[in-house]
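Chemist: Structure incoming, see below.
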Amino acid sequence: AHADLGDPYAVASLLNNLRQAGADEQAAALLARDLAAHAALEDLHHVAFLLNTLWRAGADEQAVALAGRAAAHVALGDPGGVADLLDSLREAGADEQAAALAARAADDAALDDANDTDVARLLASLREAGAYEQAAALISRLPAVGMFALFLKEKGLAAQFLYGREANGTPAAP
């Protein structure tokens, strides 16, 4: 029987279950099917799960391949998912791929429909990865998408903008 390799969550779960059951031959057969090349990149949380599973299984070559694909090609519409993937890349030692994803996230992460919690998680992940310039770039985008409160918190400017801000970015008068 053949498993659908497009679903990274299902593949990671299957691989974990095979390894836990001691089905090493079946796990090796699954790994031989080039999981990194087939995994869909739509759900970043699931991609992060598969990446972690590949690293734990010792499939370093596939993990590096998936890390490269993910860093270059994942959609950036879910800041929380980007944070999870960035954390997984960093924890796996995929520093080059983490840096590439951080650069993309700073410029292109979708913030319009995001919630403050997910954006704050992404900012924390960027900082943990040492991507301070990228975090600063992302913070600079916050006021334009209506996340002024998060901008103030991140910049430590709450007292300065007690009455909000003018269109030109200066503090509003009382």
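Chemist: Pull out the extension gain between His45 and Ala136, defined as 0.36 nm times the separation in residues minus the alpha carbon to alpha carbon distance; nm, one decimal.
Modeler: 30.4 nm
Chemist: Please compute the modelled spin-label separation between Tyr9 and Glu61, points set 7 Å along Cα→Cβ, answer in nm with one decimal.
Modeler: If labels sit at Glu61 and Tyr9, their model points lie 3.0 nm apart.
Chemist: While we're looking at this one, here's another question. For segment 79-95, list residues with backbone N below 19 Å from a point placed 7 Å from the Cα of Arg127 toward its Cβ?
Modeler: 79-88, 90-91
Chemist: Sticking with the crude label model, points 7 Å out along Cα→Cβ, report the distance from Ala29 to Asp113 in nm, one decimal please.
Modeler: Placing both labels 7 Å along Cα→Cβ, they lie 4.1 nm apart.
Chemist: Averaged per residue, what accessible area in Å² does the chain show with a 1.4 Å probe, protein chains only?
Modeler: 51 Å²
Chemist: Separate question: Express the carbon and sulfur contribution to the solvent-accessible surface of segment 1-146 as a percent, rounded to the nearest whole number, probe 1.4 angstrom.
Modeler: Result for segment 1-146: 48 percent of the exposed heavy-atom area is carbon or sulfur.
Chemist: Percent relative contact order of segment 16-174, based on C-alpha pairs within less than 8 angstrom and at least six residues apart?
Modeler: It rounds to 16 percent for segment 16-174.
The values are calculated or read from the model by the stated rules, or taken from the named source; none is laboratory data. Everything numeric here is computed off the predicted structure, so don't read it as measured data. Note: ideal-geometry Cβ built from the backbone for every residue, glycine included; neighbour counts use all protein chains shown. Each accessible area value is taken on the protein alone, full model and side chains, heavy atoms only, with ligands, DNA and RNA left out. Shrake-Rupley method; radii C 1.70, N 1.55, O 1.52, S 1.80 Å.
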